[in-house]
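K.L.:
There's a structure below that I have some questions on.
The values are calculated or read from the model by the stated rules, or taken from the named source; none is laboratory data. Just so it is clear, the model here is predicted, and its values are computed rather than measured. All Cβ positions, even for glycine, are placed from backbone atoms using ideal geometry, and neighbour counts span all protein chains on display. Quick note on the areas: whole protein, heavy atoms, side chains included, nothing else; ligands and nucleic acids left out. Shrake-Rupley method; radii C 1.70, N 1.55, O 1.52, S 1.80 Å.
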Amino acid sequence: AAEAAAAAAAACSMAPLHVTPSSSSSSSPASSSRSSTSPSSSRLFISVLPSLIWLIAGFYLGGLHSSLYGLQTRPTEDSAGEESKERRQRQQQLQKENDQLRDRVSSQRCHENEARSTSATAGINTNCGSSTTSSTASSTGTPGGPHRHHPPRHSVCRVLAESQSSSTIPTAMTVWTSNIKSIHAASQLLPNDRRYQFHDFTAQVLHLVSPKLPHSIQTLPTDWVKVRRIMDVAYRRYEYLKNGDGIGGTNDNGSNGNGNNGSPPPPPPVRMVVVGGSVLVGRNCRALTAELSIRDVRMPNRECNWAHRLQLFLDAMFGGHGRVIEIVKLALGGTNTGVGSMIWDYTLLPSEETRHADIILNAYSTNDMHVLTVLEAAFGNITIRDKVFEMTQGFVRTTMRRKPCDTEPPLVIHMDDYLGNEQRQIWSTTELMQGVNVLANYYGFASISYSNMMRQLVYADTREEWFSPKGWYPTEEGPMDREIHPGMGMHLTAAWTVAYNLLHGVTTYCSMEPWYEEHPRSDATTTTTNTGTSTNDITTVRNRMQDYGASFMSTEVPLTGYKSEIRGKPKVRPPGLPPILTKHLKLDDVSALWQSQSEAEDRELAAVDCATRDPNYTRCPFSWVGGLSLAQNNMTWIRQYFQPVVKLDRGWKLIDEGAKVGYIPDGAGRPMVLEFALLPQAITTIALFTMRSYGEKWADSQLKVDTEYRRGTSAGSGNGGWTRMTTSRFIGYHAKNTSEIYTETIQLPTRLETGDALRVTYSLERGSTFKVMGIAVCS
């Protein structure tokens, strides 16, 4: 019945998208009369008919089952008349007591909410007056008594309801459909396309895509407290900007103003970090401008790609007041989820704000299925499915794990944008999402899929070019060719897909809001332990949701206390991540492993003294990865950043070749020495980002890296106090006709302490060239 109701709601939400509009010309009364049975009305009826049939069938079969059950168990009228009368009287009395208890609890909750209203979290509104709990409230006729409406409390939820002139939460598709003109207007790429020359193309793509958006939703997060926190941040930011406090544009950190002159700092925007490869870079996105001979629209890849479009779209949809959600795009061609995990693990993100992101979206799926990953998997003697599963799980565990002195981990979203064609077998192209779906349900992160949404449309015509790469068929009659970079239609659609899924997350939370609210205990009959706190951290909410007496449910269906102590109720799950999911993890062991590992993590986090820890602490005090951001791709910025630590440079040059910035040697045997004096913190690891390529130029290429250290008190000893630690060698050639980035890690055998010095020397040992594209010195 729930599925049937949901299907009916979805059909009604999308009804305008499936109805043919009537002619704009005036109509006579006769034509108006005919319109009541027009094809458009028929199509609307037909679109919801299957859902209505299932809904009616569900209720009918449910009633039939009850009737049959009653026939089997009902005593004869002669022998059971008095018993039936007594049973009805007991039921009426119990219903009356339940209603009275519910009214008392609701009244108590109102008074407590009013008492807390002065210190309530921003974005939360406690409005008891709009809730009706008395037995005289309007009834839907359900057996359980009158329908009790729960008006939205969070300000974002109230805004959503008011936008539809309703006190109930609309579906995401209802909001999308009712705002379709604004969505089209907000999709104009400004300031590039000032005359909106892509107006018609955008409208036609939006027409095809909108009814398919619900199919992009794959899995939802399990910790909705994170969603609520993001809604809190967004609403505070929106109110600040709407009230005029932030007029004048945003700073580099996404904030308006700086809190000077004694004023409080402005509320930060929601920070969303998007990581990915060359698709996210925007390769092939702007090709349509040449095909349509639009010469006066300048559209570089960094502004045509879907992440940039999503930023402009969200800014416009929030009324143009300012930046409520700040999107930071970290895109580097030739990288996959494995590189993304290292970037996050070593906190190599380009700014402090991105290191504390509210949302992180993994958009590496196309590169994860790229030939580079396929060959890497073959080299490791594992399947591409296992390789992708391993990389994705590593990324999830790196981004979702708890950190000392840190806020809650970000909301993790995985986006699948891969339709092919590194693999030609359709089953093989879906192997990534098969693994992602397993991991998403195991770890509880959100996942969305552009490819699942558009799959049928593309498969029906693989020569179409709006949503799949044009390069699949370079000639009109020729065979399919290898190409993974789609055009502008995909980037438009991907931006809408992410926006729709964010909206769906908000509407879903608002629909479930009563389940995540804090409620006063309604009784003392439950056996679970009440938390006794009013905090809203994830662990507390989990405890509260397990406690029937402190839940929304207890006011709707109060327990009688009769046989309510039932063994076997599930325990609250541990706060840490579940054990690593392998083919060998057993049901017998998972509970004990999860509990023990979480307790060990608790002890590790508690051992860190956050009061004395530097608030500006970062795991890698020196880090640079070429191409990770506009600054880290700027030649002048890189030279200035390295200038204090370069102690010797015999022929290494900084070059930008093939959109891959890095240092290359002028010949073999020429060293480059980096010296890090007076280390600000303990150092244990060096991470290198190197490029491997192909051809005669890169044949036999090998880099030698030496590390040395000096204690803070040993500067006057022999050899300047330097002691050799490690010698490592890295190859720069591979048997693939591609250039790609590899990550290398050097674990130092000696822990360097604050005030010590580190020296790193690298030189070309063999071959004619090598490229170092990044280095990080880390704890």
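K.L.:
Specify, per residue and in Å³, the volume enclosed by the convex hull of the alpha carbon atoms belonging to region 582-738.
P.N.:
Measuring per residue, one finds 224 Å³ for the Cα hull of region 582-738.
K.L.:
A follow-up question, please. If you take the beta carbon distance between A203 and S596 as r and set R0 to 60 Å, what does 1/(1 + (r/R0)^6) give as a FRET efficiency, to the nearest 0.05?
P.N.:
Working from the Cβ atoms, E equals 0.60.
K.L.:
Listed highest first by mean packing, meaning other Cβ atoms within 10 Å per residue, what order do 293-305, 494-506, 168-180, 459-471 come in?
P.N.:
In descending order of packing, they fall as 494-506, 168-180, 459-471, 293-305.
K.L.:
A follow-up question, please. Would you mind working out the magnitude of the charge dipole of region 276-391 relative to its Cα centre, with +1 at each Lys and Arg C-beta and -1 at each Asp and Glu C-beta, to the nearest 20 Debye?
P.N.:
400
K.L.:
How are the C-alpha pair distances of region 613-676 spread across 5 Å bins, as whole percents from the shortest bin up?
P.N.:
Reading upward from the zero bin: 4, 15, 22, 23, 20, 10, 4, 2, 1.
K.L.:
I would also like to ask the following. Non-local amide H neighbours of L411 (under 5 Å, H modeled in plane, Pro and chain starts lacking H): which ones?
P.N.:
HN-HN under 5 Å from L411: I359, I360.
K.L.:
Go ahead and collect, in residue order, the members of region 604-636 whose backbone nitrogen is under 17 Å from a label point 7 Å along the Cα-Cβ direction of L678.
P.N.:
It comes to 621-622, nothing else.
K.L.:
May I pose another question? Given a 1.4 Å probe and every protein chain left where it sits, what share in percent of the accessible area of region 666-779 is carbon and sulfur?
P.N.:
C and S fraction of accessible area: 45 percent.
K.L.:
Something else about it: Using a probe of 1.4 angstrom, how much of the accessible area of region 547-650 is carbon and sulfur, in percent?
P.N.:
Solvent-exposed carbon and sulfur of region 547-650 make up 55 percent of the total.
K.L.:
Then there's this: If you roll a 1.4 angstrom probe over the protein chains with everything in place, what fraction of the accessible area of region 307-361 belongs to carbon and sulfur, to the nearest %?
P.N.:
The computed percentage sits at 53.
K.L.:
On the first, second and third principal axes, largest extent first, how far apart are the outermost C-alpha atoms of region 381-420 in Å?
P.N.:
40, 25, 6
K.L.:
If you average 1/r over every pair of different alpha-carbon atoms in region 278-422 and take one over that average, what Kirkwood value in Å do you get?
P.N.:
17.1
K.L.:
So how much slack lies between L17 and E408, counting 0.36 nm per residue of separation and subtracting their Cα-Cα distance, in nm?
P.N.:
Length gained between L17 and E408: 136.8 nm.
K.L.:
Which three extents, in whole angstrom, do the alpha-carbon atoms of region 375-502 cover along their principal axes, largest first?
P.N.:
Its Cα atoms span 60, 39, 21 Å along the three principal axes.
K.L.:
Order these peptides, 585-592, 307-314, 417-424, by their mean beta-carbon neighbour count within 10 angstrom, highest first.
P.N.:
Top of the packing list down: 307-314, 417-424, 585-592.
K.L.:
Right, something else. If packing is taken as the mean number of other Cβ atoms within 10 Å per residue, what is the order of 765-774, 751-760, 324-333, highest first?
P.N.:
Ranking the peptides 765-774, 751-760, 324-333 by packing returns 324-333, 765-774, 751-760.
K.L.:
State the percent of C-alpha pairs, over all pairs in region 409-480, separated by a distance greater than 13 angstrom.
P.N.:
Result: 69 percent of Cα pairs exceed 13 Å.
K.L.:
Separate question: Using 0.36 nm per residue of separation minus the Cα-Cα distance, give me the extension gain between R424 and T745 in nm, one decimal.
P.N.:
112.1 nm
K.L.:
If R₀ is 25 angstrom, what is the calculated FRET efficiency for the pair L457 and I294, using the beta carbon separation as r and rounding to 0.05?
P.N.:
That pair, L457 with I294, gives E of 0.50.
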